[in-house]
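Everything below concerns the one structure shown next.
A short reminder: the numbers here are calculations on the coordinates, not readings from a lab. Just so it is clear, the structure is predicted and the values come from calculations on it, not from any experiment. Here the Cβ positions follow ideal geometry from the backbone for every residue, glycine too, while neighbour counts run over all protein chains shown.
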Amino acid sequence: MKNLLLITLFSLFVSCAQEARNVSADPAPGTSTTTTTTTLLNQQMITLELDVSELERQVGQHYEGWLIVNGSVETSGRFNITKDGKVAEVNKDGEIVKLLGDKFMKQLPLSYKASSMFVLTIEPNGDEDEGASNVHIVAGAFSNKKAVATTDHSAALGESFSDSSGTFLLGTPSNGDADTQNQGIWYLEVSAGSPVASLNLPKLNGWVYEGWIVNVDEGTVNSTGTFETASEQDSNKAGGVKAGLISDGPSFPGEDFINPAIELNEGKHMAVITIEPENDLDPRPSSMKLLRKMIPEGVADHESINMDLFDKEGFPTVQAILK
Ligand SMILES: [Ca+2]
Ligand SMILES: [Ca+2]
Ligand SMILES: [Ca+2]
């Protein structure tokens with residue numbers, strides 16, 4: 001009985017092997033054996049691979065990928081960059097659930113191979129909204145299952161910023177005191193008499209601008225506030241307790257550093273404008289630094305100083321591959 005079973009199994013094996021040889025020797029018209037094998041292996045799932053080496057670590061928030069599949073938006077998973085520069089899958093609270101290594105990899109339903117576009121957003125930790133936030137950092141269309149997602153895509157920041165420019169001047173309008181005029185920075189011009197906006201920046205969707213004073217000797221950073229347009233007060237006006245108490249300052253972005261005093265024309269402070277998520281939970285400057293200028297040593301107050309456009313290296317590109 002046992003022998004009979006073995007013989008039957010052996011015959012079955014031989015006939016299967018013959019059938020397999022027949023298939024590989026004589027594929028159906030228009031198909032190849034490679035395609036047949038790949039399809040059999042990946043019958044249920046497809047793998048999304050993201051090269052996220054140009055992304056920085058987020059604090060208080062995390063990244064979430066999205067695929068546009070036949071017109072509907074499908075999540076492709078949440079992740080963040082660890083302190084060691086590795087990629088980790090995270091949950092909606094931003095807690096690490098799986099360390100992934102150098103690339104983001106996730107198995108997704110096979111139907112996602114029809115994806116037309118990849119979009120990456122920044123989502124708050126503790127996110128209660130299943131959908132995508134307005135903070136789209138990069139986007140790109142798939143071609144041959146590959147997408148190169150960039151910040152200038154219309155579904156992301158949508159700007160190249162090549163025409164961005166700006167000037168600033170020193171002054172302390174919050175106290176009007178002539179003795180402190182080197183302790184404040186304002187993004188305005190007074191050459192025409194009354195103050196006018198001095199920053200030429202496009203209006204963004206989901207993102208805001210933020211001014212910074214960087215002490216390059218000590219590596220310390222002070223925000224001067226966030227703003228959407230160059231002709232409005234920024235989020236903290238003249239700076240509250242840091243500023244003088246006479247006024248909130250003019251209707252432009254800027255900051256006074258009177259209490260405690262920071263002398264901005266000592267040749268060790270740099271003015272920087274970055275691009276930050278709206279409702280940003282990460283208090284640090286983002287990698288997307290747009291304009292900068294060392295404040296010249298001994299520069300007089302109310303003198304317009306031209307800012308330089310950054311080289312855009314902090315603007316990330318993410319490559320997405322479906323396989
Ligand atoms: Ca969300
Ligand atoms: Ca301010
Ligand atoms: Ca930030």
Could you list, bin by bin from short to long, the percent of Cα-Cα pairs of the chain in 20 Å steps?
27, 41, 21, 7, 4, 0
Between the modelled labels at residue 72 and residue 323 (7 Å from Cα along Cα→Cβ) the distance in nm is 2.8 nm
Report the normalised scattering of the range 238-323 as log10 I(q)/I(0) at q = 0.18, 0.20, 0.23 Å⁻¹, calculated by the Debye formula with identical scatterers on the alpha carbons.
-1.04, -1.21, -1.34
Stokes-Einstein translational diffusion, the range 45-158 - Kirkwood Rh over all Cα pairs, 1.002 mPa s, 20 °C, in µm²/s:
152 µm²/s
Can you give the convex hull volume per residue for the Cα atoms of the range 94-207, as a whole number of Å³?
215 Å³
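I need the Kirkwood Rh of the range 165-309: take the reciprocal of the average 1/r across all distinct C-alpha pairs and report it in angstrom. Please list the in-between numbers first.
Details: mean 1/r = 0.0671 Å⁻¹.
Averaging 1/r across every pair of different Cα atoms and inverting gives 14.9 Å.
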Give the aspartates and glutamates whose C-alpha is closer than 16 Å to that of residue 106, dropping any in the same chain fewer than 8 places away, or say none.
49, 51, 64, 74, 89
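Mind scanning 103/146; 98/312; 268/289; 113/312; 203/293; 98/323 and naming the pairs with a C-alpha gap bigger than 24 Å? Before the final figure, lay out each step's value.
Numbers: 103/146 15 Å; 98/312 31 Å; 268/289 18 Å; 113/312 32 Å; 203/293 22 Å; 98/323 21 Å.
The answer is 98/312; 113/312.
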Mind pulling the angle between the C-alpha long axis of helix 2-25 and the longest principal axis of the chain? Nearest 10 degrees, somewhere in 0 to 90.
60 degrees
Which length gain, in nm to one decimal place, applies between residue 177 and residue 155 when the Cα-Cα distance is subtracted from 0.36 nm times their residue separation?
3.2 nm
